[in-house]
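*Asks:* Sharing a structure here in structure tokens format.
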Number of protein chains: 2
Amino acid sequence: MTQKQEQLSKNQQIVLSIIEKAKGPLKAYSILYNVQKRGIKAPLQVYRALDKLIEIGKIHKIESKNAFIACNNSECEISKATAFSICNNCEHVKEIKNTKLSKYLSNFQDNSGMKYKKYNLEFFGLCKNCKLKQ
Amino acid sequence: MTQKQEQLSKNQQIVLSIIEKAKGPLKAYSILYNVQKRGIKAPLQVYRALDKLIEIGKIHKIESKNAFIACNNSECEISKATAFSICNNCEHVKEIKNTKLSKYLSNFQDNSGMKYKKYNLEFFGLCKNCKLKQ
DNA sequence: CCTTAATTTGTTATAATATAACGTTTGTTA
DNA sequence: TAACAAACGTTATATTATAACAAATTAAGG
């Protein structure tokens, strides 16, 4: 009966729910501000929850923004293969689901002989909305 | 006679030379420490040089490490298309030169209709050396 | 049920990374 | 040489992230 695995602790649940409700990536200290009513007082409590949530693939870190976004992709095998599109104007971020892309990158090998176990890809440009407004 | 363009300022030259001599990516404050003999005293002086060097494509930022590495790729059009391989064990970082990959990614389009002007890709795994030692 | 190990928590302090704001100096161009 | 842009120097401060330690909570096995 050992199911476990998906059982999150209290702080982890709180942090995850904030991130899932958000429309875009959240910064750690903005999360902190948002959860202070619920008893989380210190940065470390947030960072610890974030670390765990990343580890189990519930969220991803957008490295170029130091911000965190909920995983949108049931097929992303525990954060081993992530790709995002980022609008340079409105800062909208979206996780890219694209089987061809992920297969291409997961199988990619260069001449170094190194086999990659994980990748993170960030695309930048103007989203549809922002392109129209230009 | 207006050549310009490639003329770097004093601080920019100092910072670039440190990064080019390094065997791997350098952190901003480690650069600062290294250049204090040469008259650069404050973080901002380093960050300003770094910003400029990134802008003109002489160096890249390794986002997952907050570190900076010299550009190794004459074909990378002013940092619009970057890919790196990063060893999880020894932290060795190398810029990937691969025409197929860069073409594939530069031409990539997903169903959002967004056309991407820039990307940054980071691969993680074990380099040859570290794989042998395991 | 009890205990032991692992995980999570709470808390304080501090490290590491990065930018704001200001006035000055240098370089480029007309 | 005037005028504008770029780079500089400096102080202060914002932002992001981790160290260290003790207490509380939560599996899981005997």
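The values are calculated or read from the model by the stated rules, or taken from the named source; none is laboratory data. This is a predicted model, so every value here is computed, not measured. Cβ coordinates were reconstructed from backbone atoms using ideal geometry, including for glycine residues, and neighbour counts include every protein chain displayed. The area values use the complete protein model at the heavy-atom level, side chains included, leaving out ligands, DNA and RNA. Shrake-Rupley method; radii C 1.70, N 1.55, O 1.52, S 1.80 Å.
*Asks:* Does the stretch B:68-83 include one or more residues that are within 12 Å of DNA strand C (Cβ to nearest atom) and of a type outside the set (A, V, I, L, M, F, W, C)?
*Replies:* The first filter runs over the stretch B:68-83 and keeps only residues within 12 Å of DNA strand C (Cβ to nearest atom), leaving B:68.
Checking the rest, the ones that are also of a type outside the set (A, V, I, L, M, F, W, C) come to none.
So far as the stretch B:68-83 goes, no, none of its residues is within 12 Å of DNA strand C (Cβ to nearest atom) and of a type outside the set (A, V, I, L, M, F, W, C).
Listed here are the residues, each with its yes/no results for (1) within 13 Å of DNA strand D (Cβ to nearest atom); (2) out of contact with any strand residue (DSSP E or B) (no Cβ under 9 Å at 6 or more places or on another chain).
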position: A:14; (1), (2): no, yes
position: A:20; (1), (2): no, no
position: A:27; (1), (2): yes, no
position: A:42; (1), (2): yes, yes
position: A:49; (1), (2): yes, yes
position: A:56; (1), (2): no, yes
position: A:64; (1), (2): yes, no
position: A:67; (1), (2): yes, no
position: A:71; (1), (2): no, no
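*Asks:* Would you check which residues across the stretch A:73-88 are farther than 18 Å from residue A:116 by Cβ and either at pLDDT 95 or above or open to solvent by less than 70 Å² (accessible area, probe 1.4 Å) (or both) and list them?
*Replies:* A:73, A:85, A:86, A:87
Here is a yes/no grid of residues against (1) facing another protein chain (nearest Cβ under 9 Å); (2) part of a strand (DSSP E or B):
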| residue | (1), (2) |
| --- | --- |
| A:35 | no, no |
| A:44 | no, no |
| A:57 | no, no |
| A:61 | yes, yes |
| A:91 | no, no |
| A:101 | yes, no |
| A:116 | yes, yes |
| A:132 | no, no |
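*Asks:* Only one of (1) within 11 Å of another protein chain (Cβ to nearest Cβ); (2) within 12 Å of the chain's Cα centre (by Cα); (3) in a helix (DSSP H, G or I); (4) not aliphatic (A, V, I, L, M) is not met by residue B:51, so which one is it?
*Replies:* Unmet for residue B:51, out of (1) within 11 Å of another protein chain (Cβ to nearest Cβ); (2) within 12 Å of the chain's Cα centre (by Cα); (3) in a helix (DSSP H, G or I); (4) not aliphatic (A, V, I, L, M): (1).
*Asks:* All but one of (1) charged (D, E, K, R); (2) more than 12 Å from every other protein chain (Cβ to nearest Cβ); (3) within 30 Å of residue A:126 (Cβ to Cβ) hold for residue B:95; which doesn't?
*Replies:* Of the numbered conditions (1) charged (D, E, K, R); (2) more than 12 Å from every other protein chain (Cβ to nearest Cβ); (3) within 30 Å of residue A:126 (Cβ to Cβ), the odd one out for residue B:95 is (2).
*Asks:* Need the failing condition index for residue A:40 against (1) open to solvent by 20 Å² or more (accessible area, probe 1.4 Å); (2) part of a loop (DSSP other than H, G, I, E, B); (3) within 11 Å of DNA strand C (Cβ to nearest atom), just the number.
*Replies:* The number of the failed condition is (1).
*Asks:* For residue B:32, state whether it is over 30 Å from residue A:96 (Cα atoms), touching a strand residue (DSSP E or B) at 6+ places or on another chain (Cβ under 8 Å), surrounded by 15 or more Cβ atoms within 10 Å (Cβ to Cβ) and in contact (Cβ under 8 Å) with a residue 12 or more places away in the chain.
*Replies:* Working: over 30 Å from residue A:96 (Cα atoms): yes; touching a strand residue (DSSP E or B) at 6+ places or on another chain (Cβ under 8 Å): no; surrounded by 15 or more Cβ atoms within 10 Å (Cβ to Cβ): yes; in contact (Cβ under 8 Å) with a residue 12 or more places away in the chain: yes.
It is false that residue B:32 is over 30 Å from residue A:96 (Cα atoms), touching a strand residue (DSSP E or B) at 6+ places or on another chain (Cβ under 8 Å), surrounded by 15 or more Cβ atoms within 10 Å (Cβ to Cβ) and in contact (Cβ under 8 Å) with a residue 12 or more places away in the chain.
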